[in-house]
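In what follows, a structure is listed as structure tokens, so that the remarks can point back to it.
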Amino acid sequence: MEEPLNPVHLAFQHQAADRLPKGELWLGTRLFAPLGLKDDLQGHISLRKRLDMDILCLPVSVESDYHDVQGYRYFTPDHLVQAGKDAPGLFHAAILDGPFQRMVDQLGLMKVLLDWRRNRKGLNEIYAAEASRVNALADACLETDVHAIVIADDIAASNGPYLNPTESGALFFPFFERMVSRIHGRKKYAMLHSCGNFTAYVPQLVQCGFNAFAACQCEHLNLAALKTSYGQEITFMTGIPGDLIQAESITAAMKTSLKGLVKMLAETGGFILATSTGLYNPGHINRLTQIYQMADRLGRRK
């Protein structure tokens, strides 16, 4: 008898599973020691299974290192190979920092925004160099058994895109189109993460062929409208706003809001329950577990 598909696979196929698929893009370093775990591959596998997550997402770089700002570690493509052997029941995704994100990390957001006006040719050259590095890393990841590649590229703020969408398409979308084609060519799913309100880019992102928006910030997006327009094309990995994780207690209003959002997103499949931020504070684990259990009851098929 064949093993049932992981619920995440069903979400990408826009089919309802027996329970809601759940998971996080990022697990911060501070989570592990209080639980008696190490921030290594086995620790990540153990924590995701302990929290009943269905997806193993690993930030990947050329070298194993730590992200000083966010507080999480990077893995290497070799770790992806090992993960496929050690955690065969999980859906595996590699997270790659996108060219714009890498450029901002290198130069700073304000300089990037100023150079977009004052030195666009030079900025385009830097972007192309970063895109080439991402392409090489993606190729290495695609040689493994990962099921999906997540391009993490913060191209928007809470009030909208950093750059004028009518002008910046020439910067972003040729890379996105080629990357999605590369990913689909290896029969894997292409996911995009961006913070903020990237609604103005959504039609073009869908046209590029992305399969999912990962850890998108429900507090800055009209997910009901996006689900109505693109629910048969895009899987949404979201649903838990940051303030719900960080609040001292979950109020009745918060529960009502969460229930409404989960019901709407889960109704036709194409939904993976996740926070919009990742998980970094050990004190938030019990809260996340509580939210998972609450949402799972809503999403469970009768």
Mind giving me the FRET efficiency for Asp52 and Glu177? R0 is 35 Å, r the Cβ-Cβ distance, nearest 0.05 is fine.
0.45
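Report the rotationally averaged projected area of region 171-254 based on its alpha-carbon convex hull, in square nanometres.
Numbers: hull surface 26.1 nm².
Spelled out: convex hull of the Cα atoms, projected over all directions, averaged, 6.5 nm².
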Go through Ala17, Asn286, Ile55 and say which Cα lies farthest out towards the positive end of the charge dipole of the chain; charges sit on Cβ, +1 for Lys and Arg, -1 for Asp and Glu.
Ala17
Neighbourhood net charge (11 Å Cβ-Cβ; Lys/Arg +1, Asp/Glu -1) for Asn281:
+2
Using only Cα atoms and rounding to the nearest 10 degrees, what angle (0 to 90) does helix 109-118 make with the longest principal axis of the chain?
30
Proximal lysines to Lys121, defined as alpha-carbon separation beneath 25 angstrom and excluding residues fewer than eight positions away on the same chain:
Lys111
Put in order of increasing Cβ neighbours within 10 Å, starting from the fewest, Arg118, Arg102 give Arg118, Arg102
Straight-line reach from Lys263: which lysines have Cα under 24 Å away, leaving out those fewer than 8 places along the same chain?
Lys22, Lys227, Lys255, Lys302
So for region 7-299, taking the charge dipole from beta-carbon charges (+1 Lys/Arg, -1 Asp/Glu), which of Met237, Asn119, Ala87 sits furthest toward the positive end?
Met237
Which distance in Å, rounded to a whole number, links the C-alpha centroids of region 178-222 and region 248-302?
22
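How much net charge surrounds Phe173 when only other residues with a Cβ under 15 Å from its Cβ are counted (Lys, Arg +1; Asp, Glu -1)?
It works out to a net charge of -1.
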Using only alpha carbon pairs under 8 Å that are at least six residues apart, calculate the relative contact order of the chain and give it in whole percent.
23
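Do any GluC sites (Glu not before Pro) in region 140-210 lie in a DSSP loop with no more than 13 other beta carbon atoms within 10 Å, and if so, which? The partial results should precede the final answer.
Values: sites: Glu143, Glu167, Glu177; in loops: Glu143.
Sparse-neighbourhood loop GluC sites (Glu not before Pro): Glu143.
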Label-to-label distance, nm, for residues given as Val81 and Ala129 (7 Å Cα→Cβ offset)
3.0
Rank the residues Ile245, Ile285, Ile272 as a footprinting-exposure proxy: fewest other Cβ atoms within 10 Å of their Cβ go first.
Ile285, Ile245, Ile272
Taking the Kirkwood radius as the inverse of the mean 1/r across Cα pairs, report the Rg/Rh of region 223-302.
0.97
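DSSP beta bridges in region 7-299, what fraction antiparallel, as a percent rounded to 5? Provide the component values of the computation, followed by the final result.
Working: 4 of 32 bridges.
Antiparallel bridges: around 10 percent, rounded to the nearest 5.
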As I understand it, the value is the acute angle between the Cα axis of helix 120-142 and the longest principal axis of the Cα atoms of the chain; what does it come to in degrees, rounded to 10?
40
Rounded, prolate or oblate: pick one for region 20-67, where a ≥ b ≥ c are the square roots of the eigenvalues of its C-alpha gyration tensor, a/c under 1.5 means rounded, and failing that, prolate if a/b is larger than b/c, else oblate.
oblate
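Readers should treat all values here as calculations from the given coordinates under stated rules, not as data from a laboratory. Since the structure is predicted, the reported quantities are computational estimates derived from the model, not experimental observations. Here the Cβ is made from the backbone with ideal geometry for all residues, glycine too, and neighbour counts use every protein chain on show.
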